[in-house]
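Just below is one structure, and these are the notes that go with it.
The values are calculated or read from the model by the stated rules, or taken from the named source; none is laboratory data. Since this is a predicted model, take the numbers as computed values, not measurements. Reconstructed Cβ throughout: ideal geometry from the backbone, glycine too, with neighbour counts over all protein chains shown.
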Amino acid sequence: MFFQTTVASLRLLFLMSLFGSVSAFSQTYTNPITPYGCADPGAFYDSATQKFYMACTGGRFRIKSSNNLVNWKQTNGYLLPAAPATWAYPGRNWAPHLTRIGNTYLGYFVQNNSRGNGAIAVSWSNDINSDFIMRNAPVTEQDPLGVIDPSFFVEPSNGKPYLVYKVDGNSRRQNTQIKIQELGPGGQALAPGSSPILIKTGGSKMANLIEGQDLIKRGQYYYLFYSYGDYTRSYRMYVARADNLFGPYTGDRLILSGTSNGQFYAPGHGTVVRVLGKDYFVYHAYDRADPNTATIGRKAMLDRIYWNNDWPIISNGSPSETPQSLPILPGQKNENEFKVTISQFSDLFDPLYLSRASDYLYAPEDSHITFEDNQGNILLRVQNHGYITDFSQAANNNARALISTVVTSSLLF
């Protein structure tokens, strides 16, 4: 037993030695990703231009562009035209969501109607660096409660687009609801004959309402990411999943929250951005380290989404405060990411052999190692909080069975 344990440690140390000369964090970023206020960020990756685009609550929703999801610059595009539609109540709009259908860019956002209730508006343009055209009628509205927080989803199996939104019940002391409804092919209006379908219900008070949702499909499951609570204090993110688009969505796992002594608090209202099979979460949070937080408000944040047993994991459950690896676009290379082939690896993680003091791996301070498959599923993640990292816990968590399925993995520092 001792011999096999020693071999395990030596093999792991050998893997580490392959990359020992690489400088750590040569391509990294640290939250927040905007120094200015950027609440309710709606971001997406545009394969046509190979760029990321984002809009935030405020003004006319000026569109920002980025090559890496971190460094943003202003474009000449605005989701809200200088002269809004006649049905709109001036100055009452928020929560933009960007996407593209065919050659047309679309922006969905909350726009109060003439009666002062929230409605979902849409604008569009073939040129993202231009003023968008706003539809002269809401996509959907529901008086007197109002509907807010639009997000966009395409069913992979048939390409049908859907609008997902919140029924603002808490504005009238009623329960909040998340609904989904099919859009027409161009995404500018609801599909004829379609009806809204309730997929999630929350509470009626600030402390237990749900909102700011985003919906994705991954593998066999649909995942509903949603914000919960008071956006100024107790905001946090949950995720529920379903094996059917229309639910039921269950599980309701807490995946992101602030801490009482951390730099960031009240994280939420984000969008999942997928590129090259990896998922990232763009969201907002308040920054305790900024003395101007009361004026600036919520800043845009970015964290990688990892997957474990078909459930998402974001950072350590709270916004990251340390350097993180930059997202990679097609044709780009990140020096912090390596592909290694590991064969006959399962014997290294037998709990019978990983119970001795020799089963430790030296790792650089403030670094981490993640073994994952090509779909982003975590096979083993080791976070070093000192100088020595223990692998025995990974064995106790059935890492042996997972590792044995690996052909090619990512080794991240």
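Values for this structure:
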item: Where Ile328 falls short, out of the listed (1) at pLDDT below 95; (2) surrounded by 14 or more Cβ atoms within 10 Å (Cβ to Cβ); (3) out of contact with any Phe, Trp or Tyr (no Cβ under 7 Å at 6 or more places or on another chain); (4) not in a loop (DSSP other than H, G, I, E, B); result: (4)
item: Top-ranked residue of segment 276-290 - restricted to ones that are assigned to a loop (DSSP other than H, G, I, E, B) and at pLDDT below 95, ranked as nearest to Leu329 (Cα to Cα); result: Leu276
item: Segment 126-155, subset of a type in the set (Val, Ile, Thr) and more than 17 Å from Arg115 (Cβ to Cβ), residue surrounded by the most Cβ atoms within 10 Å (Cβ to Cβ); result: Ile128
item: Wholly within segment 149-233, strands (runs of 3 or more DSSP E) carrying at least 3 residues that are aliphatic (A, V, I, L, M); result: 161-167, 197-201, 210-218
item: Qualifying residue in segment 132-148 (condition: touching an Asp or Glu at 6+ places or on another chain (Cβ under 7 Å), touching a residue at least 60 places away in the same chain (Cβ under 8 Å) and either more than 28 Å from Ala48 (Cβ to Cβ) or assigned by TED's automatic domain parsing to the domain that holds Ala83 (or both)); result: yes
item: Matching residues, segment 269-285, being in contact with an Asp or Glu (Cβ under 9 Å, 6 or more places away or on another chain) and at positive phi; result: His269
item: Residue within segment 195-202 that is under 18 Å from Gly268 (Cα atoms), of a type in the set (Ser, Thr, Tyr) and out of contact with any Lys or Arg (no Cβ under 8 Å at 6 or more places or on another chain) present; result: yes
item: Strands (runs of 3 or more DSSP E) enclosed by segment 61-112 - at least 3 residues per element that are more than 22 Å from Phe152 (Cα to Cα) and not small (Gly, Ala, Ser); result: 72-78
item: Top-ranked residue of segment 244-288 - restricted to ones that are within 30 Å of Pro196 (Cα to Cα) and acidic (Asp, Glu), ranked as surrounded by the fewest Cβ atoms within 10 Å (Cβ to Cβ); result: Asp252
item: Answer residue from segment 63-103, given it is surrounded by fewer than 17 Cβ atoms within 10 Å (Cβ to Cβ) and within 26 Å of Ile216 (Cα to Cα) and is modelled with the lowest pLDDT among those; result: Asn67
item: Qualifying position, being polar (S, T, N, Q) and surrounded by 14 or more Cβ atoms within 10 Å (Cβ to Cβ), among Asn175, Asn158; result: Asn175
item: Ser320 modelled with pLDDT under 95, surrounded by 15 or more Cβ atoms within 10 Å (Cβ to Cβ), closer than 19 Å to Ala266 by Cα and not acidic (Asp, Glu); result: no
item: Failed criterion for Ala191 (all others in (1) within 22 Å of Ala240 (Cα to Cα); (2) free of Cβ contacts under 8 Å to residues at least 40 places away in the same chain hold); result: (1)
